[in-house]
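To start, the structure itself, in C-alpha cells.
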C-alpha cells in the first residue's frame, strides 16, 4: 500500500516536473522570441537612426552649401550695389553735364541768332522803311519800367532814327506764347522808354526760320516777320503788313 502511494507521488512529481520544464521551455522560447523581436526592433531603430543621421548630415551639408551660396550672393549683392551707386552717381553727373551743355548750347544758339539779326537790322530799316540815319541803337539791354507795378524787361534790339523806333524781338526757337508776349508788350513800350514817347514804333519779330502760320499770325497783328532768306535776314511779310 505504501509502495503504491510512493509510486503515485513519484508519478505526480514527474508530471509536475514535466509541466515545470515545459513551462520553462515555453517561457524561454517566448523570451527568445521577444529578445529576437527586441533585437530586430533595435536593429531597425539603429538603421533608422543611421538613416536619420545620414539625412541630417546631408541636410547639414546642404545648409552649409546654402550658407556659402548666400555668403557669395551677399558679396555679389554688395558689389552690385556699389556698382549701381557708382553708375547712378555717374548718370546724375552726366545728366548735370548734359543739362549744362544744353543750356550753354541754347544760350549760344540765342546769341548766334542775335548776332545774325543785329547786323542786318540797319540795312533792313533802310531798305523797307527808308531809315538811313541811325540816332541810337541798343542791343540786349534790361530796362526797368517807370511804373511801380510793372516789372523790368529785356529788349533784344532797338534802333532809333528820327521819329521812328524799330523794335526787334529775336527768338532762336519760336513759340506761340513768345509772339503773344511781344505783341502784348507793345502798348507798354513807352513805359520803359518815356524819352521816346510820341515816336512811331515798327515792331519786328525775328528768328532763323518762321513757318507760314507764324508769319500769318504776326501779319494779322501788324508785326513784321523777319527770318533767313537766302544768305541774309529779310522781312517776309512787308507788303501784307503795309497793306493792312
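Within the range 186-208, the set of residues being within 22 Å of residue 225 (Cβ to Cβ) and exposed (fewer than 12 other Cβ atoms within 10 Å of the Cβ) comprises 187, 200.
Which ranges mark the strands (runs of 3 or more DSSP E) fully within the range 66-179 that have 1 or more residues being surrounded by 15 or more Cβ atoms within 10 Å (Cβ to Cβ) and at pLDDT below 75?
Values: elements: 136-143, 153-161, 164-170.
Filter on the range 66-179 gives an empty set.
Given the structure, is residue 218 crowded, with 16+ Cβ neighbours inside 10 Å, within 22 Å of residue 116 (Cα to Cα) and in contact with a strand residue (DSSP E or B) (Cβ under 6 Å, 6 or more places away or on another chain)? First the steps, then the outcome.
On the way: crowded, with 16+ Cβ neighbours inside 10 Å: yes; within 22 Å of residue 116 (Cα to Cα): yes; in contact with a strand residue (DSSP E or B) (Cβ under 6 Å, 6 or more places away or on another chain): yes.
Yes, satisfied.
Filtered by the rule that a residue be within 18 Å of residue 165 (Cβ to Cβ), crowded, with 17+ Cβ neighbours inside 10 Å and either free of Cβ contacts under 8 Å to residues at least 60 places away in the same chain or over 43 Å from the mean Cα position of the chain (by Cα) (or both), the range 226-244 gives 235, 238, 241.
Grab the helices (runs of 4 or more DSSP H) fully contained in the range 182-244, keeping just those with 2 or more residues being under 17 Å from residue 157 (Cα atoms). Before you say what the answer is, go through the steps one by one.
Numbers: elements: 189-192, 212-220, 238-243.
Result: 189-192.
The values are calculated or read from the model by the stated rules, or taken from the named source; none is laboratory data. Keep in mind that this is a model prediction, so the values were computed, not measured. With ideal geometry, Cβ positions are generated from the backbone for all residues, glycine too; neighbour counts draw on all protein chains shown.
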